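Here the structure comes first, spelled out in structure tokens, and everything after it is commentary.
The values are calculated or read from the model by the stated rules, or taken from the named source; none is laboratory data. Keep in mind that what you see is a predicted model, and the values were worked out from it rather than measured. Here the Cβ positions follow ideal geometry from the backbone for every residue, glycine too, while neighbour counts run over all protein chains shown. Remember, those area values only see protein heavy atoms, side chains included, never the ligands or the DNA or RNA. Shrake-Rupley method; radii C 1.70, N 1.55, O 1.52, S 1.80 Å.
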Amino acid sequence: MIKLERVRTKAAVPSAFRGRTPRNRVVALMKLARERLVAGEPIKVEIESKWSITKDQLLIETHNKCAYCESDITTVSYGDVEHYRPKSVYWWLAYVYDNYLASCAICNQRFKGAKFEFLGPVIAPPSVLATSTDEELEELAKILIPDPLDADAVAIFEDLHRAEGPLIPNPYIDDPEPMFVWEVFEGTEEVEVVPNMAFANSDQIVDACERIYGINRPQLKRRRFQRYRFYDTIRRMLNDMPAGAPSRADAEDLLASFSKPNSEYAAMIRFLDAL
């Protein structure tokens with residue numbers, strides 16, 4: 001995983017996910033919850049899918065890679081709009097733009113699903129009561145649903161995220177790279193993610209990421225090794241090249257491209273570069 005930057009402009013963020021529109025949707029969900037409370041039924045809300053229009057921009061921001069495993073998505077798949085905090089649990093975040101990222105179907109559907117783990121106090125759901133008025137629900141929505149173009153509202157949302165202490169990084173808010181070490185196994189031709197023990201709770205983070213993102217699934221470890229071998233071959237060739245070799249500049253440019261954000265497994269390459 002690498003750190004991602006969310007583009008916060010009107011051109012990038014669909015109008016359906018800024019201003020009153022997402023708040024109105026959540027107010028409707030809270031009203032449904034209130035109706036169930038009045039009827040003496042358990043709170044269960046039905047969420048209508050509205051987020052597919054965000055996918056193109058999210059893929060731009062992830063460089064067409066999965067935000068979790070850094071594998072290229074668009075060559076072989078459409079990719080998923082992933083709810084970082086699962087909508088089946090955090091239902092009031094279903095239409096929050098800052099809860100979206102792009103992922104591959106394997107990380108999202110085969111592994112993560114509705115799983116989420118954290119160390120701190122849970123972000124509490126809206127305190128909807130059978131006696132809550134429409135006005136009170138409107139005020140709740142203003143607090144819970146940050147406008148992605150409102151820097152102050154986004155900062156509050158990110159503070160809530162950090163306070164909950166998720167064990168699975170959100171690369172838009174957290175910087176994942178210091179959390180991990182990349183270990184190369186030449187014999188089995190695999191590269192595995194292991195904890196960086198200099199980072200707090202890294203052993204728990206890696207354990208959670210293995211179970212929830214599948215970051216050490218066998219196919220991914222082998223794919224990383226293929227990338228590593230290509231990178232390492234170019235690096236060793238450069239070491240053998242004389243300074244004036246005609247192709248040296250091209251080889252240096254190729255080597256540098258491996259650590260760029262749009263390169264598969266850039267976090268791994270950056271770690272290896274620093275050794």
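Table for the structure above
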item: Distance between modelled label sites at residue 219 and residue 253, nm, 7 Å Cα→Cβ extension; result: 3.4 nm
item: Pairs from 87/260; 50/115; 3/44; 87/221 whose Cα-Cα separation, in the structure shown, is over 26 Å; result: 87/260; 3/44; 87/221
item: The chain - percent of accessible surface contributed by carbon and sulfur, probe 1.4 Å; result: 54 percent
item: Extension gain, residue 76 back to residue 151 (0.36 nm per residue minus Cα-Cα distance, nm); result: 23.4 nm
item: The chain, relative contact order in percent, only Cα pairs under 8 angstrom and at least six apart counted; result: 21 percent
item: CD proxy at 222 nm, helix term only [per DSSP H run n ≥ 4: -39500 (n - 2.57); per residue of the chain; nearest 500]; result: -12000 deg cm²/dmol
item: Relative contact order (%) - criterion: Cα under 8 Å, at least six apart; region: region 33-168; result: 24 percent
item: Spin-label pair residue 183/residue 47, simplified geometry with 7 Å Cα→Cβ offset, distance in nm; result: 3.6 nm
item: Coarse-grained scattering of region 1-65 at q = 0.17 Å⁻¹, given as base-10 log I(q)/I(0) from a Debye sum over alpha-carbon atoms; result: -0.74
item: Theoretical FRET efficiency, 1/(1+(r/R0)^6), r = Cβ-Cβ of residue 143 and residue 239, R0 51 Å, to 0.05; result: 0.35
